[in-house]
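In what follows, a single structure is set out as structure tokens and then discussed.
The values are calculated or read from the model by the stated rules, or taken from the named source; none is laboratory data. As the structure is a computational prediction, the values presented were derived from the model and not from experiment. Counting neighbours? That spans all protein chains shown, and the Cβs are built from the backbone with ideal geometry, glycine included. Keep in mind that these areas ignore ligands, DNA and RNA; they rest on the heavy atoms of the full protein, side chains included. Shrake-Rupley method; radii C 1.70, N 1.55, O 1.52, S 1.80 Å.
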Amino acid sequence: MAERSTAAVDVADNSGDEPLAAEAAKVTADGVDTQNGRAADGPMPEKDGKRRSAAPAAAPELHSGHKLARRYRLEECVTRLDGFSSWRAMDEKLRRAVGVHLLPADHPRARSVLAAARSSALLGDPRFVQVLDAVEENDLVYVVHEWLPDATELTALLAAGPLEPHEAYQLVSQVSQAMAAAHREGLAHLRLTPSAILRTSTGQYRIRGLAVNAALRGITSETPQRADTEAIGALLYASLTQRWPYENDAYGLTGLPKGVGLIAPDQVRAGVHRGLGELAMRALANDGATASRQEPACTTPEELAKAVAAMPRIRPPEPAFTAPPEYQHTTYQQGSYGRPTPPGVPTAQSLTVTPPPPPLQSRTGRALKWGVAALLIAALGLGSWQLADTLLDRGNQKSDGHHSPSTKDDDAPDKKDPAPLAIKDAQEYYPDGTPQDLDGVSNTYDGDASTYWRTRTFYDGPEIKAYKAGVGIVYDLGSEHDVSAASIALKFAGNHTTATLYATGNMSSQTPVGSMKKIVGTTTSDSVLKLTTETPVKTRYVLLWITAMPQAGADDYTKPGYKQAITDVKFAG
């Protein structure tokens, strides 16, 4: 299986499930899931899918330190439930954290979990937490997935309060678009809970557990698009009101009052954005609620995504601004010169003016005054003599018919072309924890035009900010150099490859771009990107940061969409 990237959330629930204690508390002795108001192993309402009854096999008895495939070292068990366990682990080959789901090979759901994991991995959409591996080995079935250390669950965000309108708009927009793309490929989630939605440090929302979380629990649905659409509506409702839109409490949120049914968000909490509230009702109308203004219900993620796109765009909140101290203008500056002054406004004549200090009258003061005057007279005399001497020299040059060359011309050095700078090492830069092609980085400076480093395929573009802030590689020049130019050979030509060079202090992906010094940036539609600046920047490490890409067809690794690949990088300075 092709190598995928890593993502996750906080340690408490990186597996796509609730924490151990919370998960255990949800299921009572009678087998009732108190969080969702349904039987843990019995039939489920259609909106949540159906759970296949099966006697779970015992979860594998593993411990911290156990290693899978001589590569994945288990570190912490975060979930043990229903015959499977989920772990935070370390990929010792790539030195990164990953998540692992484990269950016995004879578990009644082992085959469906493997099939779901492999189908999810083939999607390759970066809006989803990626499946990295799915293996059956030594009587075990395990699924390895991304782990994002800097991401936060929607559960934690809602614990602090409802989202402001722009953030809620971003949530429903990104999640509905991602799920529409998944359903076009025949994949459903069926367990879109607040714990399945992660917000990265760059503001992008990632969905974890596509197909896999439902398979682990044996959840199915005869109407998967309808189930996922209503789940997105519940997430939006909760984001606007900080309440779960059903009678039972769930995911740390209080449910609606019993016996009143589903009520509009603005009846639950004052100040809810009207358009978003109506959108939540349209997605939840599948449960019998009436949408406002008689608008049709959204029954698929595609319909919901189109409804979001048809809304007026919600702008982010204005940043807090502290007004500077008021500047006191004079009467003339205020434009009232020559105009009558209104009653009660002080005039220039009425303003109190502090008189200057009296002149020095002592003997020392008089001596100092005459001394300064003598120095000024001497300076004026010297300046006049130098001026006259210069004029005489120019007159002699004119009469002789000769002109002496300019001193500036003598001293100015010849402008040299930038010298090539050798690249000693390079690493991919991925501050959101999701790399693109770790093994391909060295191909960008190996001198072979047939090898390259590639990005994943992005379905919206050319700017990729809907998925991540950018993608890039940090290059080590071995020591500090003045960097003034770069030549980047690209695999895909066409609008609109946008790249920027930054000077950074190290090769770590934890260093934010905002703290780096910009060298130069540009956009090209060609297969070669040239970057040149008149002001060189001294640095050892250079980040090549790409934020927009052209549209390209399918190749051996990726599907058609917005993507780019780098075949060769050269720096000069």
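Some observations on this one:
- Selection status of Gly470, within 23 Å of Arg206 (Cβ to Cβ) and touching a residue at least 24 places away in the same chain (Cβ under 8 Å): yes
- Yes/no for Gln436 being surrounded by 10 or more Cβ atoms within 10 Å (Cβ to Cβ), at pLDDT below 80 and not charged (D, E, K, R): no
- Each residue in the stretch 106-121 was checked for being touching a residue at least 40 places away in the same chain (Cβ under 8 Å) and either open to solvent by 10 Å² or more (accessible area, probe 1.4 Å) or not hydrophobic (A, V, I, L, M, F, W, C) (or both), and 10 pass.
- If the condition is being open to solvent by 40 Å² or more (accessible area, probe 1.4 Å) and in a helix (DSSP H, G or I), then the stretch 171-193 contributes Gln177, Arg184.
- When restricted to residues that are in contact (Cβ under 8 Å) with a residue 60 or more places away in the chain and hydrophobic (A, V, I, L, M, F, W, C), the stretch 511-537 contains 1.
- Set Asp82, Asp91: member being in contact (Cβ under 8 Å) with a residue 60 or more places away in the chain, of a type in the set (Asp, Glu) and open to solvent by 10 Å² or more (accessible area, probe 1.4 Å): Asp82
- Where Thr229 falls short, out of the listed (1) closer than 26 Å to Asp249 by Cβ; (2) modelled with pLDDT under 95; (3) touching a Ser or Thr at 6+ places or on another chain (Cβ under 9 Å): (2)
- So Leu103, is it assigned to a strand (DSSP E or B) and buried (at least 24 other Cβ atoms within 10 Å of the Cβ): yes
- Qualifying residue in the stretch 538-561 (condition: free of Cβ contacts under 8 Å to residues at least 24 places away in the same chain, in a loop (DSSP other than H, G, I, E, B) and touching a Pro at 6+ places or on another chain (Cβ under 7 Å)): yes
- Here Leu103 passes the criteria (1) touching a residue at least 60 places away in the same chain (Cβ under 8 Å); (2) within 30 Å of Val441 (Cα to Cα) except the one numbered (2).
- Of the residues making up the stretch 236-270, not one is open to solvent by less than 10 Å² (accessible area, probe 1.4 Å), farther than 18 Å from Arg282 by Cβ and polar (S, T, N, Q).
- Qualifying residues in the stretch 66-79 (those that are among the basic types (Lys, Arg) and in a strand (DSSP E or B)) - the one surrounded by the most Cβ atoms within 10 Å (Cβ to Cβ): Arg73
- So Gly521, is it in a strand (DSSP E or B) and open to solvent by 20 Å² or more (accessible area, probe 1.4 Å): yes
- Residue match in the stretch 472-489 (condition: open to solvent by 30 Å² or more (accessible area, probe 1.4 Å), touching a strand residue (DSSP E or B) at 6+ places or on another chain (Cβ under 6 Å) and within 30 Å of Gln177 (Cβ to Cβ)): no
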